[in-house]
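Visitor: Mind looking over this structure? Questions follow.
The numbers here are math on the coordinates, done by the rules we state, and not lab data. Keep in mind the model is a prediction, meaning the values are calculated, not measured. Cβ sites come from the backbone with ideal geometry, for glycine too, and all protein chains shown count toward neighbours.
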């Protein structure tokens, strides 16, 4: 997959494209449907399948007080986009100049002149251009004038819930990670590194990992059944997201206890990915550390039953 970090990176001889423009935050089921279709059409027509996205997310520039947390930071989004089979991603730096383009300028400069688009695939609520003045109907009108066809997708729902990035963020904010998993078509995960200052040795012999500060979307505070990847190794795990109130002053942390643990190589740069499978309970203040230990033992037992059930179902 080719990655173009700005418009000028697209070569003049790039050729014809089948394109889709969007934030693609989460690269969820609805995104995958659209991207799968442009990959299919690109192969049929000899064009290239291209996803056009933005960095940073436009809301962070247009609504800086929104406090938006993204589902997938750019490196993770690119990895997921590559998995769809598209040929290229064009990342448009979202700055003042881009935000001031009229819908017509956006369509002409990016879709017509740079990408030579022959087909453009968008969701029903797609907006573009200065002050989001353009919608899919205007895009279709531009397509007739500029030589590309526009296909519009209606809202996709799964069991009555909209498959959208904003709805997935809402589910995660409520702790409903298992429901978010269905809309994403995979478990919601966060990717980071271990917290520093823990005195790493050549082997890491404690089954608990604190993630370094993570600034994007995380599920509601609480305790979750998770799967944790450390480097190339995967562990069944339980993860606490929150302020650890039993230990006094609030101190937000994402802390993971590895269940099937064995000593592992771990350095501050080790890649740690936590995938959230099911919520166990709220985070609460316990009267003593001993009471907390007893609850953790119950949490571990519940998580172990969960993983045994999953393995049993997979064997059938």
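Visitor: With everything on Cα atoms, drop me the angle between helix 74-83 and the longest principal axis of the chain, reported from 0 to 90° to the nearest 10.
Guide: Long axis of 74-83 versus the principal axis of the chain: about 70 degrees.
Visitor: Now a separate question. How large is the Kirkwood hydrodynamic radius of segment 208-316, in angstrom, based on all distinct alpha carbon pairs?
Guide: Averaging 1/r across every pair of different Cα atoms and inverting gives 14.8 Å.
Visitor: Further question on the same structure: When you have a sec, figure out the Kirkwood radius of segment 1-86 from all distinct Cα pair distances and drop it here in Å to one decimal? Mind dumping the intermediate values first?
Guide: On the way: mean 1/r = 0.0719 Å⁻¹.
For segment 1-86, inverting the mean 1/r across all distinct Cα pairs yields 13.9 Å.
Visitor: Shifting gears a bit: Starting with the fewest neighbours, write out 166, 304 ranked by other beta-carbon atoms found within 10 Å of each beta-carbon.
Guide: 166, 304
Visitor: Let me ask something additional. Could you list 4, 54 in order of exposure, starting from the residue whose Cβ has the fewest other Cβ atoms within 10 Å?
Guide: 4, 54
Visitor: Which angle between 0 and 90 degrees, to the nearest 10, do you get for helix 29-45 versus the longest principal axis of the chain when only C-alpha atoms count?
Guide: Rounded to the nearest ten degrees, it is 40.
Visitor: Quick one: divide the alpha-carbon radius of gyration of the chain by 2.2 N^0.38 Å and tell me what you get.
Guide: 1.14
Visitor: Can you tell me the orientation of helix 136-146 relative to the chain, as the angle in degrees between its alpha-carbon axis and the longest Cα principal axis, to the nearest 10?
Guide: The answer is roughly 40 degrees.
Visitor: Please rank 226, 53, fewest neighbouring Cβ atoms within 10 Å first, as an exposure proxy.
Guide: Ascending Cβ contact count within 10 Å gives the list 53, 226.
Visitor: Something else: Can you give the Rg/Rh ratio of segment 67-218, where Rg is from the C-alpha atoms and Rh is the Kirkwood radius?
Guide: 1.07
Visitor: Please list the equivalent ellipsoid semi-axes of segment 2-158, computed as the square roots of five times the alpha-carbon gyration tensor eigenvalues, in descending order and whole angstrom.
Guide: Equivalent-ellipsoid dimensions as semi-axes: 21, 19, 16 Å.
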